[in-house]
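*Asks:* I have a structure here, written as structure tokens, and I will follow up with some questions on it.
All of the numbers you see were taken from the coordinates with simple rules; none came from a lab. Please read these numbers as outputs of a predicted model, since none were measured by experiment. Here the Cβ is made from the backbone with ideal geometry for all residues, glycine too, and neighbour counts use every protein chain on show.
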Amino acid sequence: MKDILTLGIESSCDETSVSVVKNGREVLSNSINSQIKIHEKYGGVVPEIASRNHVEAISNVTKDALEEAQVSFQDIDVISCTYGPGLVGALLVGLSYGKALSYALEKPLVGVNHIQGHIAANYISHPELKPPFLCLVISGGHTHLIHIKDYTHFEILGKTRDDAIGEAFDKIARVVGLGYPGGPKVDKLAKEGQPTIKLPKTHFENLDFSFSGIKTAIINLHHKDPNINKADLCCSFEHLVAEILIENTLKAADILNIKTIALAGGVSANSYIRQEFLKLEQTKGKKIYYPDPILCTDNAAMIASAGYYNFLAGNVSGLNLNAIPNLKIS
Ligand code: KG4
Ligand code: ZN
């Protein structure tokens, strides 16, 4: 069978990324232009600034991706881009660019759900991984437990009722003065602390999550005592959220009678969460997967991989495809 080269384009938040992936699994290039430095001084992503920077970056990022992969536009078989969920202005930049390429090069366009992209990051890091499996998507915008029935069919089993887990990491980091983006900084500081601070645990009968109560408790503790040990606070937070994530994931795995569990999304780069999930291989006989750190946070290789599987399933988009900021996965 002829190799299929997919050009992936990702611009849903503050990373402009373009990638070339062969047969959905082999990354030939994954060029990422992060705007973290630009948004850092505002303490979070400013949507309008993000859109403008995507416009400025996208041509050069694409050029870099093609050069690194040592291919030309003509060698590409499929153009896949994120069309949601995300910031509408940011999404429109990558999507419009992808549509223009698809039209000019006469190559099929495949729209990709960003969450499907995060899941597909695991296919790149683990060539042996195939559906069905259970995936816990934990990122800045999402906390979803998803049954991956096959490459393009998903069922959401549980999700957050309020904040995404990454939002909680970022907010806590801001409150204790670590800056943006908070996740990696909380991860680092937590290693110096002990889980000694009691935080409230929200529990639902079903597989949903809630993180706003924990976040508020931490903000209040810090306001009451600004000298509270920040490392202990970060460590206690990580311990509690890992416990909650594992509880719900195991419950879902039991219901589905599934052994294979994958983590995905920016927060799956967290070293404590990874370590605790990995223990389930010994203690519960599960098989745990998570992507390489660079593929956990936003990147276009994961979009190219998901685009490849959508293409194989015949899910090709028209040039009337629009950005959908609150796109759901199904
Ligand atoms: O997947 P992602 O790049 O964007 C979304 O699709 O939302 O995730 C970004 C989130 C941010 O909240 C960031 O703080 C968090 O992932 N993050 C981490 C770590 N690295 C990134 N959270 C905890 N520990 C980390 N090491
Ligand atoms: Zn993401």
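*Asks:* From the phi of every residue in the stretch 288-293, what ³J(HN,Hα) in whole Hz does the Karplus formula 6.51 cos²θ - 1.76 cosθ + 1.60 yield, where θ is phi - 60° and glycine or proline is x?
*Replies:* 10, 10, 8, x, 4, x
*Asks:* Return the single residue from 37, 287, 99 with maximal mean-square fluctuation; model: Gaussian network over the chain, springs between Cα atoms under 10 Å.
*Replies:* Per the Cα network of the chain with a 10 Å cutoff, 37 tops the list.
*Asks:* Name the longest site-free stretch of the chain, where the excluded sites are chymotrypsin sites (Phe, Trp or Tyr not before Pro) in a DSSP loop with no more than 16 other beta-carbon atoms within 10 Å.
*Replies:* 43-203
*Asks:* Once you have the Cα-Cα distance between residue 155 and residue 228, take 0.36 nm times their residue separation minus that, and quote the gain in nm to one decimal.
*Replies:* Value of the extension gain: 22.1 nm.
*Asks:* Give me the percent relative contact order of the stretch 182-234, please, defined on Cα pairs under 8 angstrom at least 6 residues apart.
*Replies:* 54 percent
*Asks:* Which of 235, 13 comes first, and how do the rest follow, when ranked by fewest Cβ neighbours within 10 Å?
*Replies:* 235, 13
*Asks:* Here's a follow-up. Lys and Arg at +1, Asp and Glu at -1: add these up for the other residues within a Cβ distance under 13 Å of residue 35 and post the number.
*Replies:* With Lys, Arg at +1 and Asp, Glu at -1, the net is -4.
*Asks:* In what sequence do 87, 5, 312 fall when counting other Cβ within 10 Å, fewest first?
*Replies:* 312, 5, 87
*Asks:* Taking the beta-carbon count within 10 Å as an exposure proxy, list 161, 174 from fewest neighbours to most.
*Replies:* Exposure proxy ranking, most exposed first: 161, 174.
*Asks:* So, in nm, how far is label residue 284 from label residue 271 when the simple model puts each one 7 Å beyond its Cα toward the Cβ?
*Replies:* Taking the simple label geometry, residue 284 and residue 271 are separated by 2.4 nm.
*Asks:* For every helix of n ≥ 4 consecutive DSSP H residues, a contribution of -39,500 (n - 2.57) applies; sum these over the chain, divide by its total residues, and give [θ] at 222 nm rounded to the nearest 500 deg cm²/dmol.
*Replies:* Helices in the chain give a 222 nm mean residue ellipticity of -14000 deg cm²/dmol.
*Asks:* A follow-up question, please. Let's see if you can work this out: charge +1 on each Lys and Arg Cβ, -1 on each Asp and Glu Cβ, no other charges. What is the dipole magnitude of the chain about its Cα centre, in debye to the nearest 20?
*Replies:* 560 debye
*Asks:* Scaled to the compact-protein estimate 2.2 N^0.38 Å, what is the alpha-carbon radius of gyration of the stretch 1-105, rounded to two decimal places?
*Replies:* 1.07
*Asks:* Got the relative contact order for the chain handy, in percent, Cα pairs under 8 Å and 6 or more residues apart?
*Replies:* Relative contact order of the chain: 26 percent.
*Asks:* Taking Cα centroids, how far is the stretch 241-262 from the stretch 62-112 in Å?
*Replies:* Taking the Cα centre of the stretch 62-112 as reference, the centre of the stretch 241-262 is 35 Å away.
*Asks:* Jot down the per residue volume, in cubic angstrom and as a whole number, of the convex hull over the alpha-carbon atoms of the stretch 132-291.
*Replies:* Measuring per residue, one finds 104 Å³ for the Cα hull of the stretch 132-291.
*Asks:* Another question about this same structure. So what is log10(I(q)/I(0)) for the stretch 74-147 at q = 0.13, 0.14, 0.19, 0.26 1/Å, when the Debye sum runs over its Cα atoms only?
*Replies:* Per q value, in the given order, log10 I(q)/I(0) is -0.49, -0.57, -0.90, -1.14.
*Asks:* Mind listing P(r) for the chain? All alpha-carbon pairs, 10 Å bins, whole percents.
*Replies:* 6, 27, 33, 23, 9, 2, 0
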